Amino acid sequence: MNISYAWIKSILPGLTAGPQELADLLAMQGAPVDEIVDIGGPLRDIRIARVIEAGRHPNADRLSLCRVDDGTGEIRQVVCGAPNVKSGGIYPFAPVGAHLPGDVVIKRSKIRGEESQGMLCSARELGLGREHDGIMELPSDTPVGASLVDVLQLDDARIVVDVTPNRADLLSHLGVARELGAALDIEPRLSMLPGVEGKLDFELTPRSTQSEAGGISVDIRDTDLCPRYLGLVIRNVKIAPSPAWLAGRLRAIGLRPINNVVDATNYVLHELGQPLHAFDSRKLGTQVVVRRAEKGERITTLDGVDRALASDMLVIADAEKPVAVAGVMGGADSEVDNETTDILLECALFDTASVRRTRRALGLSTDASYRYERGVDPDTMEIALRRAAALIIACAGGAVAEKAVDAGVPSQARREISLRLDRVAKVLGVAFDAKAVTRLLAPLGFDVTGSGDVLQVHVPGHRIYDVSREADLIEEIARRHGYDAFPDELRAFRPSSVPDDASLRLEDRLREKLVGLRMLESRSLAFAPAAYGEVALMLPLSSAEGYLRNAIVPALLRRIEYNYSRGQRHIRLFEIATAFLNAGSRDDLAEKRDGHAESAATAPQLPREQRRLAATFTGSRAAPHWTGNPPAFDMWDLNGFVSVLAADLALTVQHADSETPLPSWADHAAAWVITRPDGSQAGVGAKVKNEAVDAPAWADPVFAVEIDLTALGGESTPKPVKPLPAFPAVERDLALLVRLDLPAADVIEAIQGSAGPLLEAAFPFDVYRGKGVNDALRSVAIRLRFRAPDRTLTDEEVDRAVTRTLARLQEDHGIERRA
């Protein structure tokens, strides 16, 4: 929200604080200021000049060669590329040495062989608007040689306030002045406008859904979307440029002046926060109908775009067709132009959700829709209508009708909230009595009544959209009291006796374990493209991410790519987040093709949410060191990582074969499946396919893991304590000739099933292929460790177990011992 400092000063009489002090106050009230712009400062060097002669540049078809009088007594030659420059025109002129916004300094230069001694400026170049299609034209009576800052009354500062969506009351100068006045103990008061004399003498008709006044009838056919509509006819106006003070106020907040009628409605919009619209009443006719659009209806809006209307959109129509999109933008067929003499001034209240839907559907955002969809003060409508009408009469002349249309349904009673003083003390830790509460809330417009421990607070119209319960009032008290004014010492408190949820304890334990493995936690948004999502968003923030993600690893892979693009090679990331699946989707983590098409079939059902752990890592096992470069992560590091996590979660790990369903990013050549005790798939750990991550040539392999935590308990599996063995172990190393297609895991399983109860462990420690070994075989060295808990084993006992094992390997797999 752009706020004019001079405008605020006119509403807060006696204000002495400067723009920076006001910015600090607003920040303490919960409305931080993004920027303070000295509007006139960068324009001090700009003067008013007249173009005496504008001719064609001898060496360029699209350039003009102008002779310019800037009031200094010297005629200057200026090369100009604007199409609207003409002889006799009055324009802003930046002489050589002048400074423009953006640290631009005007220098003497030659353009296509002709010297240019300055620049005629557009509104965009001056920072006064977005128009860049021509230089800024000024009225013919503007004094040549005068300062642009003085002529346009730009000796002002623009305060850019960051307004949160719930604080619609701050989308006006009066709303911001109300907050500042409460902090500075100054009562805001709307100032008298130049040329306005007294109060306009017109009355409102008795309110009903159908009303008529001033030759205009209004029929509201959908009071849910338009509870109230005020309309005032003003005749015999003269459309002309706005006076300097009005145009200066609008330029100070970044608006382009249009004409005296439209500028008056924009002025009241930014002063009171109430949107208004002026129709040319002769184009409009005598009938106004507020209704939903009919099927097939279209309208050309003020921006010149022909738009199709949907049946859920509210429109303002004449007897035959729509003339405005309610709360968003007027139509071109009824706009005010230079030939307008009679106008209908509209001031309406529209449903916030309806305006928001319409604005999004049409892709059209305006100052009016921005306020309507956040909430407009219903109590300010008549004030805004009278102030806008008075301003139009002062700037454009004319006369108002004796009565204004007041159509709609009766106003609802003001919201009343009970406020318990003991509850305030419990929440804030500081006691406030009734007098203190009244002192804090009354300047914001709240009416506080009652006595004792319970007060009754009436909510003003400008706060009905965000203050609806006792907690909201307590927040207002804390905000007004000042968050920095509360004591900062630790006070007595009662700890909760409710334990954390088991799933939260599980996630905390996993975070500790992963951080201990030197991994960094990542946080990513839940939005994803169609390839990685099943649940379509109704209102996506981006067309490229219109779904909720069904997996976490793809987001981590994008973070890997982000690090790669910045030269980072050693990356270890993990994330615990939620994945979203259609109600009919499988529970495993395998690739879900065409999942988004399935969404339509299951639309009535809510999506399922799964808490998942995902991790990715690439680079070296250890940090680089002068003693040597450590090796990069390989598939066995992945196996160890997966095994550690699975053991902690009471899950099992098995190697994935070519038939195992895996996510699209996983490489079957190096993948492990993590299963629950019932055999269902809980997770996957695999090498990432090369095509799944955009990696530079110097990058190492990327590995990833994703585990569904939804059905897992929060407590770790109890691990019994075993005493250290009292008797020594006996080890035997076997060199076995194994077929290339037989996994080593199958060999270990056969050994464990045949060696007997004395076998404590069996694991491979070497693989050999080459001279002395058949090309169809490989030599796998496996170490067997035997131990008895109550005695020292003899060689005979171990030899019998080894013989039995070799016989079983020969019988089941044709494995022979290598000589």
Taking 30 Å as R0, compute the FRET efficiency from the Cβ-Cβ separation of residue 365 and residue 236 and round it to 0.05.
0.30
Taking the C-alpha atoms of region 600-699, how large are the radius of gyration and the largest Cα-Cα span, Dmax, in Å?
16.9, 62
Modelled FRET efficiency - R0 30 Å, residue 245 with residue 353, Cβ distances, 0.05 increments
0.20
How much of the accessible area of region 355-511, in percent, comes from carbon and sulfur atoms when a 1.4 Å probe is used?
50 percent
Residue 409 paired with residue 422, simple spin-label distance in nm, labels 7 Å along Cα-to-beta-carbon:
3.9 nm
Here the net charge surrounding residue 640, from other residues whose Cβ is less than 12 Å away from its Cβ (Lys, Arg +1; Asp, Glu -1), is -1
Can you match semi-axes √(5λ) of the Cα gyration tensor in Å to one of these, (1) 97, 34, 21; (2) 73, 36, 28; (3) 65, 31, 25, based on a calculation from the structure here?
(2)
Of all accessible heavy-atom area on region 53-126, the percent that carbon and sulfur account for (1.4 Å):
43 percent
Take every Cα-Cα pair in region 49-148 and report what % of them are more than 24 Å apart.
13 percent
Heads up, region 449-560 by the C-alpha gyration tensor (a ≥ b ≥ c square roots of eigenvalues; a/c under 1.5 rounded, else a/b over b/c prolate, else oblate) looks oblate
How much accessible area per residue does the chain have, counting only protein heavy atoms and a probe of 1.4 Å, in square angstrom?
50 Å²
By accessible area (1.4 Å), largest first, 505, 307, 769 order as 769, 505, 307
Cα-Cα over 31 Å, subset of 689/722; 9/435; 9/403; 86/283; 513/687; 513/722
689/722; 9/403; 86/283
Carbon/sulfur accessible area of region 166-269, % of total, 1.4 Å probe, equals 45 percent
Note down the net charge around residue 374, summing +1 for each Lys or Arg and -1 for each Asp or Glu among other residues with Cβ under 10 Å from its Cβ.
0
Starting from the Kirkwood Rh over alpha-carbon pairs, what translational D in µm² s⁻¹ does region 298-424 have by Stokes-Einstein at 10 °C and 1.306 mPa s?
93 µm²/s
Looking at the square roots a ≥ b ≥ c of the eigenvalues of the Cα gyration tensor of region 102-247, which shape do they give, rounded for a/c under 1.5, prolate if a/b is larger than b/c, or oblate?
prolate
What is region 705-802 by shape, rounded, prolate or oblate, if you read a ≥ b ≥ c off the alpha carbon gyration tensor as root eigenvalues and call it rounded for a/c under 1.5, prolate for a/b larger than b/c, and oblate otherwise?
oblate
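The values are calculated or read from the model by the stated rules, or taken from the named source; none is laboratory data. Owing to the predicted nature of the structure, the values given are computational and were not obtained by experimental measurement. Cβ atoms come from the backbone with ideal geometry, glycine included; neighbour counts cover every protein chain shown. Protein only, heavy atoms only, side chains kept; ligands, DNA and RNA dropped before computing areas. Shrake-Rupley method; radii C 1.70, N 1.55, O 1.52, S 1.80 Å.
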